[in-house]
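Shown next, in structure tokens, is the structure this report addresses.
The values are calculated or read from the model by the stated rules, or taken from the named source; none is laboratory data. Because the structure is a prediction, the values reported are computed rather than measured. Every residue, glycine as well, gets a Cβ built from its backbone with ideal geometry; the counts of neighbours run over all protein chains shown.
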Amino acid sequence: MLSSLWLIICATWMQVVRGELFTALVDLEGLLVTERELINNINAYLQAEEEKLHRVKRFLMHYQTLHEEASKNAQDFLANPVNAYLLVKRLTKDWRAVESVMSENVGQSFVQNITGSEVLRFPDDEDLSGAAIALIRLQDTYKLETGAIAKGHLQGAQLSQELTG
């Protein structure tokens, strides 16, 4: 009777442990989804920044071309009232357009897209501490060397990336 009770307690305890491990693995799989979305958003952000730079480069090329032409003979260039008007226009209205593009904060919308998502989950500092404590428990339980764990070697096999400072 006592051994049957002990078997039931052990079986129940094993189910609880499996449930916690499964939940933790499901949570970690969710973090992989978050990481994939983060990668996609960073890629889209870089493309948006490259487009922004491309627009600024077009402005620059336009300014350089006109400036080189004007600098060849400034007196003749500025004697033409249309050229004088276009120079003033470039340094007022056109400059505001350039300034607007240069001041554009492309990244903010991408950051809000990621951090504002209700589907994606980011671990917090408590989660990081818990993962570190779990590594320490594994090290203590299995008498693993700190250097080997840091290099990603567990029981003679390279199982992971190296830990860095």
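At-a-glance table
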{"item": "Residue match in segment 72-93 (condition: surrounded by 13 or more Cβ atoms within 10 Å (Cβ to Cβ) and hydroxyl-bearing (Ser, Thr, Tyr))", "result": "no"}
{"item": "Given (1) touching a residue at least 60 places away in the same chain (Cβ under 8 Å); (2) under 24 Å from Leu25 (Cβ atoms), number of the condition Phe110 does not satisfy", "result": "(2)"}
{"item": "Test: residue in segment 3-15 that is in a helix (DSSP H, G or I), closer than 23 Å to Leu128 by Cβ and either at pLDDT 85 or above or not assigned by TED's automatic domain parsing to the domain that holds Asn113 (or both)", "result": "no"}
{"item": "Failed condition for Asp127, given (1) at pLDDT 90 or above; (2) surrounded by 10 or more Cβ atoms within 10 Å (Cβ to Cβ)", "result": "(1)"}
{"item": "Neighbours by Cβ (under 6 Å, 6+ apart or cross-chain): first from segment 41-53, farther than 15 Å from Glu104 by Cβ; second among the hydrophobic types (A, V, I, L, M, F, W, C) and surrounded by 13 or more Cβ atoms within 10 Å (Cβ to Cβ)", "result": "Asn41/Phe110; Asn41/Ile114"}
{"item": "Matching option when the condition is at pLDDT below 95 and in contact with a Phe, Trp or Tyr (Cβ under 8 Å, 6 or more places away or on another chain), among Glu69, Glu35", "result": "Glu69"}
